[in-house]
1. Only one residue in ARG157, ARG183, ARG194 is of a type in the set (Lys, Arg) and within 28 Å of SER7 (Cα to Cα), so which one is that?
2. Just give me the residues in the stretch 282-294 being under 30 Å from ARG34 (Cα atoms) and either open to solvent by 40 Å² or more (accessible area, probe 1.4 Å) or not in a loop (DSSP other than H, G, I, E, B) (or both), in sequence order.
3. Grab the helices (runs of 4 or more DSSP H) fully contained in the stretch 38-156, keeping just those with 2 or more residues being open to solvent by 10 Å² or more (accessible area, probe 1.4 Å) and among the basic types (Lys, Arg).
4. Given the residues ARG231, ARG240, ARG216, ARG183, which is the only one that is in a helix (DSSP H, G or I) and either at pLDDT 95 or above or within 18 Å of the chain's Cα centre (by Cα) (or both)?
5. If a residue must be within 19 Å of LEU116 (Cβ to Cβ), open to solvent by less than 40 Å² (accessible area, probe 1.4 Å) and in a loop (DSSP other than H, G, I, E, B), how many such residues does the stretch 269-281 contain?
6. For PHE19, state whether it is of a type in the set (Phe, Trp, Tyr), modelled with pLDDT of 95 or more and open to solvent by 80 Å² or more (accessible area, probe 1.4 Å).
7. Can we say LEU35 is at pLDDT 95 or above and open to solvent by 40 Å² or more (accessible area, probe 1.4 Å)?
8. Which of (1) in contact (Cβ under 8 Å) with a residue 24 or more places away in the chain; (2) open to solvent by 40 Å² or more (accessible area, probe 1.4 Å) is the odd one out, the single condition ALA198 does not satisfy?
Amino acid sequence: MLSTLYSLPAVVLLWLLHFLPLPLLAVIGSGLGRLLMPFSRKRRAVVALNLAWCFPELDEAARRDLARRHFAALGRSFLEHGLIWWGSRRRLEKLVHFEGEQHLQEQLAAGRPVILLAPHFVGLDAGGGALGMRYDCVSIYAKQSNPLIDRLLLRGRHRFGNQQLLSRQDGVRATVKAMKSGRPFYYLPDLNARRRDAVFVPFFGVPAATISGLPRLARVANAAVLPCVTRMLPGGAGYRVEIGAPWTDYPTDDVVADTARMNAWLEGVVRTMPEQYYWVHRRFKTRPPGEARPY
């Protein structure tokens with residue numbers, strides 16, 4: 001949604017603002033998100049439907065409040081991308097904190113391929129950038145239609161270390177090869193998928209077309225799956241990257257059950273910070289046969 005804001009004047013403004021202290025930048029960004037919300041009719045409708053489907057226990061006023069907090073988080077993440085693209089290593093190391101990093105280090109020391117399961121929370125790029133300062137990783141990159149944002153995102157992801165970005169066309173073999181060479185795979189499999197590429201498993205009780213790549217890749221590469229969540233901290237305190245212990249008994253012989261386990265885990269994390277999940281995405285666009293598209 002906020003990619004439409006990336007014009008040359010906006011990028012210049014981001015560069016100027018990245019010199020500000022993060023608490024002040026956070027206030028400005030949150031205000032920007034709230035200001036833009038009334039003018040983002042289509043995305044506002046997407047957010048409203050997603051929240052209605054995922055949080056039916058909330059009344060309309062509570063969901064509106066959650067939507068406002070979500071747009072504030074989006075605005076903040078938009079401005080704070082300037083830190084990811086231009087902030088010094090020293091500053092970023094102070095702003096992004098790690099919890100549970102020993103789980104990743106233990107798997108790498110044992111020579112086991114690693115999949116970092118990184119869902120689409122608004123702090124995703126901050127977490128990815130901070131990981132790049134510590135490890136040479138591999139991830140999938142989709143070329144952006146906006147040439148300016150494409151250049152900036154690529155710059156941000158290549159700033160530190162020797163990062164390897166693959167396209168979806170590179171296939172599973174290239175990803176497995178990169179993991180087996182010792183590169184953690186920063187994997188983002190939680191957006192809507194086309195029907196032919198997906199299985200339908202519950203997400204907040206709603207059948208959601210979900211990529212089944214996590215259990216398939218884990219099996220092919222004999223990789224450990226480690227949850228990796230980036231939280232935007234309140235009050236401009238920065239970000240926290242939380243790396244969990246490797247999942248046990250995963251994958252199984254049931255790809256559908258394994259994919260459902262991923263969604264169930266994600267739902268639990270979303271409930272701890274619902275305003276930070278990427279609700280402007282049309283998560284339920286692909287429907288089971290016979291169901292109309294909701295957006």
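1. Within the list ARG157, ARG183, ARG194, the selection yields ARG157.
2. Passing the criteria: ARG282, LYS285, ARG293.
3. It comes to 41-54, 60-86, 89-95.
4. From the options ARG231, ARG240, ARG216, ARG183, the qualifying one is ARG216.
5. Residues in the stretch 269-281 being within 19 Å of LEU116 (Cβ to Cβ), open to solvent by less than 40 Å² (accessible area, probe 1.4 Å) and in a loop (DSSP other than H, G, I, E, B): 1 in total.
6. Criteria met by PHE19.
7. Judged against the criteria, LEU35 is a match.
8. For ALA198, the failing item is (2).
The values are calculated or read from the model by the stated rules, or taken from the named source; none is laboratory data. On a predicted model such as this, the values are computed, not experimentally measured, just so you know. Because the Cβ atoms are built from the backbone with ideal geometry, glycine has one as well, and the counts that use them run over all protein chains shown. With ligands, DNA and RNA removed, areas are computed over all heavy atoms of the protein, side chains included. Shrake-Rupley method; radii C 1.70, N 1.55, O 1.52, S 1.80 Å.
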